[in-house]
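A short write-up of the structure that comes next.
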Amino acid sequence: GAGVSQSPSNKVTEKGKDVELRCDPISGHTALYWYRQSLGQGLEFLIYFQGNSAPDKSGLPSDRFSAERTGGSVSTLTIQRTQQEDSAVYLCASSLGLAPLNEQFFGPGTRLTVL
Amino acid sequence: GIQVEQSPPDLILQEGANSTLRCNFSDSVNNLQWFHQNPWGQLINLFYIPSGTKQNGRLSATTVATERYSLLYISSSQTTDSGVYFCAVPRVGGGADGLTFGKGTHLIIQP
């Protein structure tokens, strides 16, 4: 089937606006992960879902970030009151399950630019 | 948390050369992945290799979990092999969590 898809591919927004990023995992994958990649910080883990549940939200950079997953499939990452330091590529990944079925496959990313 | 170090950070080779990329990690893991990030930013899965050796065409990887390192071998390199190579291990050693990535090896293959 299709791989992980993300939308939009690019998003330019003004400082202070809210943005919503979407991830469609591979069909049948129960685990879903969000990461971001920026020049200064490399690839950093944000949050993961097993089904619709996110057991650990400590990787989210601030309380302006939130994520949800409904129906065990699509997930959205919301950033409120965006700041320039939020500019990065946001990557989503999915896996069949947790360990040992946890080989992760990544989507193409959403490039977020905050002006 | 677990630390991942990759070496070398940069590598420039001529087409046809062989290379070895190294990944060291600071704690026991039961999962390790190697990725190639192409010039368009897509992360492509190369190997899922908690231990042992795997081969896929010109690429092979070996993980020695007891000594906390993994090696990625690229033979007869081609210009399309250029890009950044990342290794990643579970943030929590047991594997039920997101990945911690190394900073990557930036490989340039010159024609």
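Residues in segment A:60-115 that are open to solvent by less than 60 Å² (accessible area, probe 1.4 Å) and aromatic (Phe, Trp, Tyr): A:65, A:90, A:106. Out of the residues in segment B:1-21 that are out of contact with any Gly (no Cβ under 8 Å at 6 or more places or on another chain) and assigned to a loop (DSSP other than H, G, I, E, B), which is nearest to residue A:43 (Cα to Cα)? Taking the candidates together, the pick is B:3. In this structure, is residue A:91 modelled with pLDDT of 95 or more and not β-branched (Val, Ile, Thr)? It is true that residue A:91 is modelled with pLDDT of 95 or more and not β-branched (Val, Ile, Thr). Scanning segment B:22-48 for residues that are within 10 Å of chain A (Cβ to nearest Cβ) and either touching a Leu at 6+ places or on another chain (Cβ under 6 Å) or in a strand (DSSP E or B) (or both) yields B:33, B:35, B:37, B:43, B:44, B:45, B:47, B:48. Go through segment B:21-45 residue by residue and tally those that are surrounded by 15 or more Cβ atoms within 10 Å (Cβ to Cβ), at negative phi and not aromatic (Phe, Trp, Tyr). Total meeting the criteria: 13. With respect to (1) under 10 Å from the mean Cα position of the chain (by Cα); (2) open to solvent by less than 50 Å² (accessible area, probe 1.4 Å); (3) more than 14 Å from every other protein chain (Cβ to nearest Cβ), the lone exception for residue B:69 is condition (1). If you check B:107, B:99 for being modelled with pLDDT under 95 and open to solvent by less than 30 Å² (accessible area, probe 1.4 Å), only one passes: B:99. Output the residues belonging to segment A:25-59 that are open to solvent by 30 Å² or more (accessible area, probe 1.4 Å), within 14 Å of chain B (Cβ to nearest Cβ) and assigned to a loop (DSSP other than H, G, I, E, B). A:26, A:30, A:39, A:40, A:41, A:55, A:56, A:57, A:58 - these are the residues of segment A:25-59 that are open to solvent by 30 Å² or more (accessible area, probe 1.4 Å), within 14 Å of chain B (Cβ to nearest Cβ) and assigned to a loop (DSSP other than H, G, I, E, B).
The values are calculated or read from the model by the stated rules, or taken from the named source; none is laboratory data. Note that the coordinates shown come from a computational prediction; the quantities given were computed from them, not determined experimentally. When we count neighbours, we look across all protein chains shown, and the Cβ atoms used for this are built from the backbone with ideal geometry, even at glycine. Calculation scope for accessible area: heavy atoms of the full protein, side chains included, ligands and nucleic acids excluded. Shrake-Rupley method; radii C 1.70, N 1.55, O 1.52, S 1.80 Å.
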